[in-house]
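Each remark here refers to the structure printed beneath this line.
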Amino acid sequence: MEKKKFYMTTAIAYTSGKPHIGNTYEIVLADAIARFRRMQGYDVFFQTGTDEHGQKIELKAQEAGVTPKEFVDQVSGEIKRIWDLMNTSYDKFIRTTDDYHEKQVQKIFKKLYDQGDIYKGSYEGLYCTPCESFWTPSQLVDGKCPDCGREVQPAKEEAYFFRMSKYADRLIDHINKHPEFIQPVSRKNEMMNNFLLPGLQDLCVSRTSFKWGIPVDFDPKHVVYVWLDALTNYITGIGYECDGESSDLFKKNWPADLHLIGKDIIRFHTIYWPIFLMALDLPLPKQVFGHPWLLQGDGKMSKSKGNVLYADDLVDMFGVDAVRFFVLHEMPFDNDGVITWELMVERINSELANTLGNLVNRTISMSNKYFGGVVNNAGVIEPVDRELRETAVTAAEKASAKMDELRVADAITEIFALFKRCNKYIDETMPWALAKDESKKDRLATVLYNLVEAISIGASLLEPFMPETSAKILSQLGAKKRSLEVMNMFGLYQSGTKVTDKPEILFARLDVNEVLAKVEEKKAAEAAGSADAASAAAGEKADGTDAAEEKAVIDIEPKPEITFEDFTKLQFQVGEIIACEAVKKSKKLLCSQVRIGSQVKQIVSGIKAHYTPEEMVGKKVMVVVNLKPAKLAGVLSEGMILCAEDADGNLALMTPDKDMPAGAEIC
């Protein structure tokens with residue numbers, strides 16, 4: 001019998017930088033779903049990849065002093081490394097710079113233009129560079145991008161547009177007839193009430209203000225809008241051919257069974273993408289699931305906030321499966337989850353070390369102690385066994401029901417309910433007491449057999465979520481991985497099988513203070529490494545002198561030591577001075593208007609003896625932007641421009657040695 005296909009995708013990761021654990025959560029979640037579907041007997045095709053075009057990446061490459069292609073090659077490689085580190089079982093990793101993808105995007109754009117869905121016009125609106133999105137004033141939230149909360153900038157340019165309204169009624173009808181299409185339901189309500197029902201505006205689908213994108217082949221000064229480019233990866237990656245015969249892989253797998261994405265990009269996947277597919281006369285994906293965010297502490301992770309956690313750092317501290325368990329088990333179905341070092345330690349100790357690790361270790365140790373490691377089913381059944389057996393044989397059905405609803409955390413809870421029941425069974429049967437009575441030897445053997453059998457079922461069921469741990473448990477028990485079809489049967493563990501002589505500690509208990517100390521040590525080492533790298537880049541020797549010749553140095557009185565957390569409270573950015581004048585009634589102060597991103601801050605500095613107002617204009621400077629505003633000589637100052645001072649009191653502005661855009665983060 002041919003297996004039923006299951007094609008699932010993640011959102012392709014944007015190559016603007018190294019993904020943090022919040023980004024990494026999605027690929028782990030997708031992997032757990034893919035592995036479970038394979039366990040259920042599906043023929044799974046699991047695609048992920050990287051989104052590599054757009055203005056933001058062009059700017060990032062400029063800041064790094066490399067070409068956009070060199071930049072995305074490096075970042076895409078880093079993303080793939082982390083996906084592999086997390087033991088994810090994707091079948092395809094697509095890059096939107098792949099030749100076959102770019103060619104198909106050009107063909108798709110031309111097809112939609114030829115059939116009248118795309119037309120040429122001009123756009124004037126408010127643009128969010130990080131989100132690559134245009135907005136009208138009414139769509140902004142507190143004057144900022146409704147998706148990411150960042151500043152927007154006025155933009156006007158010639159552009160091609162897609163006639164979204166042409167397909168809006170058809171999409172509304174599809175959503176109403178297919179309630180499973182957008183999940184969770186709260187995401188569906190948001191799309192209907194905030195975007196579709198009020199009426200769709202035509203969508204800008206090309207740009208001329210930057211070059212890093214797929215050129216519109218019949219009008220090369222335009223590049224294809226990044227979302228039209230990125231979304232089509234779901235069909236180009238499996239062999240869609242716009243003007244010819246698509247591959248057998250595409251014919252087999254499309255429509256996608258599941259698009260797994262973050263809740264922040266649900267609009268693109270449930271409005272723009274379905275309409276693009278309608279215009280291409282292709283069926284719509286069966287389901288789009290917008291998962292919540294994994295937050296650090298009480299806020300969204302941000303490098304500028306200094307609260308970013310990376311998967312490889314967590315893995316170095318806790319191991320791959322412990323990190324997988326945490327991000328999968330701690331994420332609610334429809335609400336944001338929270339991750340901190342302290343929470344990680346607490347969950348590892350309570351769930352992995354105590355509930356699971358201790359259970360496996362005790363069971364194997366008792367089997368070795370009382371029966372030389374040989375597990376026999378002596379068939380001495382008592383009423384107390386019934387609840388354990390019932391919990392074991394129903395665990396797979398309960399977990400499957402949760403997974404069918406994509407309630408992954410709840411599925412793991414069902415599995416751990418079995419492990420907790422095993423621990424309770426040990427307390428109820430007290431094997432150590434049975435061992436003291438020779439007449440209870442067969443009963444003791446049966447108790448240990450029941451434990452090994454139940455743990456084998458639980459370990460098999462755990463494989464999609466913690467594959468390495470599952471394999472370790474089964475290996476130590478001398479058991480084979482069960483198929484889902486037989487997990488409702490108790491007694492399949494081969495009587496007479498020998499467990500390992502030396503059980504491995506699966507998860508050791510951790511001391512939270514020791515973990516936090518290691519985190520601080522790592523941060524300090526990284527900060528020192530960054531300082532060393534900066535010194536090396538400046539041509540300095542380890543002792544601080546110039547590599548070419550000895551130069552004068554200055555020692556200053558050291559200030560009290562601060563923590564890394566203290567440092568991260570400061571926000572440094574590149575500012576461009578666009579106007580400057582002397583402060584009246586002051587011999588020392590200049591008042592500068594400093595452009596930082598889309599904002600202009602007024603900053604008063606005591607540098608009049610060293611710079612004229614005319615010299616200041618046009619300079620790029622280092623600014624502390626989150627300093628509490630204060631009045632100097634009656635003039636409001638909203639930040640601080642940083643300078644270096646020598647022993648004679650001469651000042652020099654701190655400026656970047658490469659041209660950096662106003663607003664670039666200094667880190």
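What follows is calculated from the coordinates using simple rules that are stated; it is not laboratory data. The structure presented is a predicted model; accordingly, all values stated were derived computationally and were not measured. Please note: Cβ atoms are built from the backbone with ideal geometry, for glycine as well, and neighbour counts cover all protein chains shown.
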(request) Treat the count of other C-beta atoms within 10 Å as a stand-in for reagent exposure and order 67, 469 from fewest to most. (result) 67, 469
(message) For percent of Cα pairs over 49 Å apart, one of (1) 12; (2) 22; (3) 28 was computed from the structure I shared and the rest are decoys. Which label?
(response) (3)
(message) Once each part is reduced to its C-alpha centroid, what is the distance from segment 391-410 to segment 85-128 in angstrom?
(response) 37
(message) Skipping prolines and chain starts, which residues have an amide H placed within reach, meaning under 5 Å, of the one on residue 158, given they are 5 or more residues away or on another chain?
(response) 123
(message) Going by amide H atoms built from the backbone, whose H comes under 5 Å of the H on residue 482, apart from near neighbours?
(response) 460
(request) Quote the FRET efficiency, to the nearest 0.05, computed for residue 338 versus residue 312 with a Förster distance R0 of 22 Å and r equal to the Cβ-Cβ distance. (result) 0.60
(message) Just to check I understand the Karplus step: with θ = phi - 60° and J = 6.51 cos²θ - 1.76 cosθ + 1.60, what whole-Hz values come out for segment 83-97, glycine and proline as x?
(response) 4, 6, 4, 7, 6, 9, 9, 5, 9, 9, 10, 9, 10, 6, 8
(message) Can you tell me how segment 118-266 classifies by the Cα gyration tensor, rounded, prolate or oblate, using a/c under 1.5 as the rounded cut?
(response) oblate
(request) Restricting attention to the chain, give the cysteines that have no other cysteine Cβ less than 4.7 angstrom from their Cβ. (result) 148, 204, 242, 422, 580, 591, 643, 667
(message) Using the Karplus curve 6.51 cos²θ - 1.76 cosθ + 1.60 with θ = phi - 60°, what ³J(HN,Hα) values do you get for each residue of segment 161-166, in whole Hz, with x for Gly and Pro?
(response) 10, 9, 7, 5, 4, 4
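Per DSSP H run of at least 4 residues, take -39500 (n - 2.57); add these up for the chain, divide by its residues and hand me the 222 nm value, nearest 500 deg cm²/dmol. Spell out each step's value before the answer.
Details: 22 runs with 259 residues, N = 667.
Value at 222 nm, helices only, nearest 500: -12000 deg cm²/dmol.
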(message) I need the calculated FRET efficiency for the pair residue 84 and residue 635, taking r as the beta carbon distance and R₀ as 51 Å, to the nearest 0.05.
(response) 0.35
(request) Would you calculate the separation in nanometres between label points at residue 197 and residue 172, each defined as 7 Å from the Cα along the Cα-to-beta-carbon direction? (result) 0.9
(request) Please tell me the relative contact order of segment 362-498 in percent, rounded to the nearest whole number, where contacts are Cα pairs under 8 Å and at least six residues apart. (result) 35
(message) Quick check: the distance between the Cα centres of segment 153-229 and segment 1-53, to the nearest angstrom?
(response) 24
(request) Could you calculate the contour length gain from residue 103 to residue 211, that is, 0.36 nm times the residue separation minus the distance between their Cα atoms, to one decimal place in nm? (result) 37.2 nm
(request) Taking amide H positions as placed in the peptide plane 1.01 Å from N, state which residues far from residue 94 in sequence (5 or more) or on other chains have amide H under 5 Å from it. (result) 48, 49, 50
(request) Per residue of segment 222-233, in order, report the coupling 6.51 cos²θ - 1.76 cosθ + 1.60 (Karplus, θ = phi - 60°) as ³J(HN,Hα) in whole Hz, putting x for Gly and Pro. (result) 9, 10, 5, 3, 4, 6, 5, 5, 5, 5, 6, 4
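Given a Förster distance of 60 angstrom, what is the FRET efficiency for residue 350 paired with residue 650, based on the Cβ-Cβ distance and rounded to 0.05?
After rounding, the FRET efficiency stands at 0.50.
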(message) Using a 7 Å offset from Cα along Cα-Cβ at residue 413, what residues in segment 316-348 end up with backbone N under 15 Å from the label point?
(response) 328-338
(request) Mind sorting 466, 403, 616 by how few other Cβ atoms lie within 10 Å of their own Cβ, fewest first? (result) 403, 616, 466
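By how many nm would the segment from residue 666 to residue 617 grow when fully extended, if each residue of separation counts as 0.36 nm and the alpha-carbon distance is taken off? Spell out each step's value before the answer.
Numbers: separation 49, 0.36 × 49 = 17.64 nm, distance 2.08 nm.
That pair, residue 666 and residue 617, stretches by 15.6 nm at full extension.
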(message) For 267, 170, 389, which order do you get if you count the other beta carbons within 10 Å of each Cβ and list the fewest first?
(response) 170, 389, 267
(message) With an 8 Å Cα cut-off and a minimum separation of 6 or more residues, compute the relative contact order for the chain in percent.
(response) 11
